[in-house]
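The values are calculated or read from the model by the stated rules, or taken from the named source; none is laboratory data. Note that the structure is predicted; figures quoted are calculated from it, not measured. Here the Cβ is made from the backbone with ideal geometry for all residues, glycine too, and neighbour counts use every protein chain on show.
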Number of protein chains: 2
Amino acid sequence: MSESGAVQPVSPARRGGGRAGRAARQGSIARTGPFRRRIPAYELLDESDLAELEAQADWILSEIGIDFRGDGEALRLFAEAGCEIEGERVRFRPGQARALCATAPASFTLHARDPACSVILGGDHLVLMPGYGSPFVTDLDRGRRYATIEDFRNFVRLAWVSPWLHHSGGTVCEPTDIPVNKRHLDMMLAHLTLSAKPFMGGVTSLSRAEDSIAMARLVFGREFMQSHAVMQANINVNSPLVYDETMTGALRAYAAANQCVCLSPAIFSGAMGPVTPAAVAAQTHAEAMAGIALVQLVRPGCPVVYGSFHNTMNLRSGALSFGSPEANLVTMALAQLARRLAVPVRSGGGQITAANSADGQAMADSTSAMWATILSGANQVWHAAGWLEGGLTMGYEKFAMDLDASGAMLRMVTGMAVNEDTLTRASYREAGPGVNFLSTAHTIQHFASANFIPDIADAGPYETWVERGRPTVVERANDRWKEMLAGYVAPPIAPQVAASLQEFVARRKAELPDEWY
Amino acid sequence: MSESGAVQPVSPARRGGGRAGRAARQGSIARTGPFRRRIPAYELLDESDLAELEAQADWILSEIGIDFRGDGEALRLFAEAGCEIEGERVRFRPGQARALCATAPASFTLHARDPACSVILGGDHLVLMPGYGSPFVTDLDRGRRYATIEDFRNFVRLAWVSPWLHHSGGTVCEPTDIPVNKRHLDMMLAHLTLSAKPFMGGVTSLSRAEDSIAMARLVFGREFMQSHAVMQANINVNSPLVYDETMTGALRAYAAANQCVCLSPAIFSGAMGPVTPAAVAAQTHAEAMAGIALVQLVRPGCPVVYGSFHNTMNLRSGALSFGSPEANLVTMALAQLARRLAVPVRSGGGQITAANSADGQAMADSTSAMWATILSGANQVWHAAGWLEGGLTMGYEKFAMDLDASGAMLRMVTGMAVNEDTLTRASYREAGPGVNFLSTAHTIQHFASANFIPDIADAGPYETWVERGRPTVVERANDRWKEMLAGYVAPPIAPQVAASLQEFVARRKAELPDEWY
């Protein structure tokens, strides 16, 4: 498929291949794609609290204002829209930011190279993706080390074969063995060739954003992308209340190309905002709305995701916490605020932790943050797999452990079906008081599919566990990610598309001097 | 205080003592007692599904029926109430079981020896207690072994000094070094002298129930207990749909004494009931209602707790799972059904796991089950600390880790306050775009109390962690429970009450031959 060609990805499920490959592909292709939550979102706050948070966001944007630094074009767009500009500070009349967000779609399809892997963002849809941005990786065999492009590729492969991740992610880890100004090329190449799930593009400079968009066009076609989102960009806010030029440059590039922009206020409470959860929620809302407004000014109707990233600090030691109760409250409130704004929401949670190893603390934090995220009704979950050390490290074993947890969550949100089959009166007539249900027709019929079966969790007897040498879940996870990589088969890609991507990367690498900082 | 005397426990907070003792007491006394959830309960199912589950429970009780085996008195009470009796099978007309439950209080106070530690069960109140029933204990120093009375006492001490447990529990672990028929005496003595929080009494035979009640009367007085609940009894259902004589004998003893009876259907889905979550929920509802009905027939108005215990099995291996998505759905549905029945509910969850060690799997399971439990709106959480191996083992380190998690949960359910102080407009005037909030007056004012600070979780940098020898959370937990035991100070007790308890135990032990099975 050429840049101008139609989108016609080949589903790997239609290809032949060995048993392991088939299993990996079937697991993946059979289960990703649009996924709906079938249980209600949790409504933490009532109407009065929500209205007060919205009023506070409006107050911040009207009285305090928000800086768009170094980006004259952004200031021009805001001025044109009637905002008050004072230097680089932008102020919105109460209600104005919300009004500017109104053209953002409540829901949209994020198209994948394999159409079976396309997802919907918004409504009751749920999209899980790996961690984002770690400079380090760790595994049991080699320990903690700087991440390389091969690690990056491995995580893209692992996400591809997992039935529980719907999205390949963005900067899953930093490929630190590649010059800073060329990393986006190799990362895009990996997402576009080693996976066929949705992905995110580069944002660390305008030209890197443009390169990323150009590479996507080689696969999806310029025309298709004019009216269809095929990639996402993460635009971090330099909280408190600052958007900087690098980020808004990338924002404008993606918005101009009609690709999905995710706005991510990033608030460590007490530092980038006040220490109280209510203030963090209101400030996040203000920052997200201002960014969404800019996207809509660049291109009305451009798909956005209302993002957030927030956590708490131990204000005595300065240590950051993830999955803390205060942060989880903010996660739940923000999903409500985003729903009221009628835009898809990315949770600030995911399976996140400050722990330095994949121990009980790591999983307690991760599970807690994940529950807040999932029950909040978030549409996109970043950091659903791999995160350790507050995001400094992607763990191979943590990744596999998080997949088990993600699969369990996805099972849970399908809910409890209450109907004649699930209530099974016939079973009671067959078994009854004091009689075991193991051999009833209903149990036999449902036994294979009734319960989610994790890949790693060991529920066997203590004695067996001791005989096996007391393997911890981390050791079992080590086996599991290796097994997944061994079973990996790349999704097919038209040779001329692959060649055009390779050529693009080679050309750009030749054009650019190596920059390591 | 004598058996006939008024209740006049002495609050340990009023006593002198060393620094460690003071700290332990202050931590405990300051924070336990009635505790209210201030966030909404999660409503998983809608009216139509809930009505269908209730109709199914009614169908089970009317068409299939439920056995009360070996207890002629129970059958007589049900016959008198108009139930249909066929042998030992009892059948209720649709709506009849619910009607018989109507006299059970929606909410009641469970009085503690220290009135400051009394709790409320029902409404939006929340009571956390340790694990129940483990024959084994484990710790890092001594490994896994049969539990002894000294282990039992240790866990009672740990629960006493924890600010996050409101209840001392029941058979926290089995004191296997004491004859089976005398264990209840030593367990009651520990709950009544080493703690002043609420507790549960013995149920494994009618005489042991009566001994437990007699010992409570030595502390609280017979007259007081006629109109006040001071203890709870766990009545397990021999699911599917069987109450046996031992349990109903104990049930009748506690109900006659007006003490709280907790009914605990125990369903491993696929074995003690169908494999589908909806069926497990409906069957639990039927079994719980039948037991509550019997309590009310013995003594109308006697406080009850609608309990449950359910988990899933890997139907291929027979291994039991805890914290599974299907079990968590049942937990959430049952809290809704209990609320509609207007009785306090004990969750089937808690911090439970099938894991053989306190690793990441253990905490992922535990945290997941705990979230389902807490958000369900459950009033009493059993197994909030210590459980491993599906309840076969109480872990000292797991106990300390679960306390951190319990504390975080209790912080979370206090909710997000949205008001002028928490929104802190003054801070934005003081800091503002691009300016750090660390030194604002609001941050300085709130920094010490703003965020929950766990005892064990380590959020420090990787380098520091490596320097310290890479301690896992389990190693830190090992330090923590020892520190807690070292700081333990027993709550005061009137010498004559302590003497009467000792005398009772000595007399009963002398009267009974040792029975080891």
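Any residue that is polar (S, T, N, Q), within 29 Å of residue A:474 (Cα to Cα) and facing chain A (nearest Cβ under 7 Å) - is there at least one of those in the stretch B:435-443? The answer is no, given that none of the residues of the stretch B:435-443 is polar (S, T, N, Q), within 29 Å of residue A:474 (Cα to Cα) and facing chain A (nearest Cβ under 7 Å). Listed conditions (1) at the interface with chain A (Cβ under 8 Å from one of its Cβ atoms); (2) on the phi < 0 side of the Ramachandran plot are all met by residue B:410, apart from (1).
Within the stretch A:313-320, can one find any residue that is at the interface with another protein chain (Cβ under 9 Å from one of its Cβ atoms) and touching a helix residue (DSSP H, G or I) at 6+ places or on another chain (Cβ under 6 Å)? Yes, there is a match, as at least one residue in the stretch A:313-320 is at the interface with another protein chain (Cβ under 9 Å from one of its Cβ atoms) and touching a helix residue (DSSP H, G or I) at 6+ places or on another chain (Cβ under 6 Å).
If you take the residues in the stretch A:32-56 that are more than 10 Å from chain B (Cβ to nearest Cβ) and either surrounded by fewer than 16 Cβ atoms within 10 Å (Cβ to Cβ) or part of a loop (DSSP other than H, G, I, E, B) (or both), which one is modelled with the lowest pLDDT?
Of the stretch A:32-56, the ones more than 10 Å from chain B (Cβ to nearest Cβ) are A:32-38, A:47, A:54.
Filter once more, so that each one left must be either surrounded by fewer than 16 Cβ atoms within 10 Å (Cβ to Cβ) or part of a loop (DSSP other than H, G, I, E, B) (or both): A:32-38, A:47.
Details: A:32: 82, A:33: 87, A:34: 92, A:35: 95, A:36: 96, A:37: 97, A:38: 97, A:47: 98.
Ranking the qualifying residues of the stretch A:32-56, first place goes to A:32.
Scanning the stretch B:227-241 for residues that are assigned to a helix (DSSP H, G or I) and either in contact with a Ser or Thr (Cβ under 6 Å, 6 or more places away or on another chain) or of a type in the set (Ser, Thr, Tyr) (or both) turns up at least one hit. Between A:379, A:356, the distinction of being at pLDDT 95 or above and more than 8 Å from chain B (Cβ to nearest Cβ) belongs to A:379 only. Among what's in the stretch B:413-434 and is polar (S, T, N, Q) and more than 7 Å from every other protein chain (Cβ to nearest Cβ), pick the residue that is surrounded by the most Cβ atoms within 10 Å (Cβ to Cβ). Per the criteria, the residue is B:414. Just so you know, in the stretch B:174-206 the residues that are part of a helix (DSSP H, G or I) and charged (D, E, K, R) include one that is surrounded by the most Cβ atoms within 10 Å (Cβ to Cβ), and it is B:183.
Being among the small types (Gly, Ala, Ser) and either surrounded by fewer than 24 Cβ atoms within 10 Å (Cβ to Cβ) or not in a loop (DSSP other than H, G, I, E, B) (or both) is the filter; apply it to the stretch B:330-353 and report the residue that is nearest to the other protein chains (Cβ to nearest Cβ). Reasoning before the result, please.
Of all residues in the stretch B:330-353, those among the small types (Gly, Ala, Ser) come to B:333, B:335, B:338, B:342, B:347-350.
Next, only the ones that are either surrounded by fewer than 24 Cβ atoms within 10 Å (Cβ to Cβ) or not in a loop (DSSP other than H, G, I, E, B) (or both) stay: B:333, B:335, B:338, B:342, B:347.
On the way: B:333: 6, B:335: 13, B:338: 16, B:342: 22, B:347: 15 Å.
Checked the stretch B:330-353; the qualifying residue nearest to the other protein chains (Cβ to nearest Cβ) is B:333.
Does residue A:362 meet the test of being part of a loop (DSSP other than H, G, I, E, B), over 16 Å from the mean Cα position of the chain (by Cα), buried (at least 24 other Cβ atoms within 10 Å of the Cβ) and within 14 Å of chain B (Cβ to nearest Cβ)? Spelling it out, it is not the case that residue A:362 is part of a loop (DSSP other than H, G, I, E, B), over 16 Å from the mean Cα position of the chain (by Cα), buried (at least 24 other Cβ atoms within 10 Å of the Cβ) and within 14 Å of chain B (Cβ to nearest Cβ). Scanning the stretch A:211-227 for residues that are within 16 Å of residue A:189 (Cβ to Cβ) and free of Cβ contacts under 8 Å to residues at least 60 places away in the same chain yields A:212, A:213, A:216.
Of everything in the stretch A:57-73 that's out of contact with any strand residue (DSSP E or B) (no Cβ under 9 Å at 6 or more places or on another chain) and more than 9 Å from every other protein chain (Cβ to nearest Cβ), which residue is surrounded by the most Cβ atoms within 10 Å (Cβ to Cβ)? Step by step, filter the stretch A:57-73, then rank; the result is A:57. When A:450, A:490, A:457, A:499 are checked against the criterion of being part of a helix (DSSP H, G or I) and aliphatic (A, V, I, L, M), A:499 stands alone in meeting it.
Considering only the stretch A:382-437, give the helices (runs of 4 or more DSSP H) lying wholly within it that have at least 1 residues that are over 26 Å from residue B:47 (Cβ atoms) and without any contact (Cβ under 8 Å) to a residue 12 or more places away in the chain.
Numbers: elements: A:396-412, A:420-423, A:425-430.
Correct list: A:425-430.
All of B:228, B:191 fail the test of being more than 14 Å from every other protein chain (Cβ to nearest Cβ), under 21 Å from residue B:135 (Cα atoms) and modelled with pLDDT of 95 or more, apart from B:191. Just one of the listed residues (B:319, B:266, B:327, B:281) is under 21 Å from the mean Cα position of the chain (by Cα) and surrounded by fewer than 24 Cβ atoms within 10 Å (Cβ to Cβ), namely B:266.
Only one entry in A:514, A:458 is farther than 30 Å from residue B:47 by Cα, surrounded by fewer than 16 Cβ atoms within 10 Å (Cβ to Cβ) and touching a Pro at 6+ places or on another chain (Cβ under 9 Å), namely A:514.
For every residue, the table says whether it meets (1) touching a helix residue (DSSP H, G or I) at 6+ places or on another chain (Cβ under 7 Å); (2) crowded, with 17+ Cβ neighbours inside 10 Å; (3) closer than 28 Å to residue B:282 by Cα.
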| residue | (1), (2), (3) |
| --- | --- |
| A:441 | yes, no, yes |
| A:448 | no, no, yes |
| A:490 | yes, no, no |
| A:505 | yes, yes, no |
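So for the stretch A:242-255 (the condition being modelled with pLDDT of 95 or more, closer than 30 Å to residue B:441 by Cα, touching a Lys or Arg at 6+ places or on another chain (Cβ under 8 Å) and surrounded by fewer than 24 Cβ atoms within 10 Å (Cβ to Cβ)), does at least one residue qualify? Show your work before the answer.
First pass over the stretch A:242-255, keeping only residues modelled with pLDDT of 95 or more: A:242-255.
Going one step further and asking which of them are closer than 30 Å to residue B:441 by Cα, we end up with A:242-244.
Now narrow it down to the ones that are touching a Lys or Arg at 6+ places or on another chain (Cβ under 8 Å): A:242-244.
Those still in the list that are surrounded by fewer than 24 Cβ atoms within 10 Å (Cβ to Cβ) too: A:242, A:244.
Yes: one or more hits.
Selection of the stretch B:321-361 for residues being on the phi > 0 side of the Ramachandran plot and touching a residue at least 60 places away in the same chain (Cβ under 8 Å) yields B:342, B:350.
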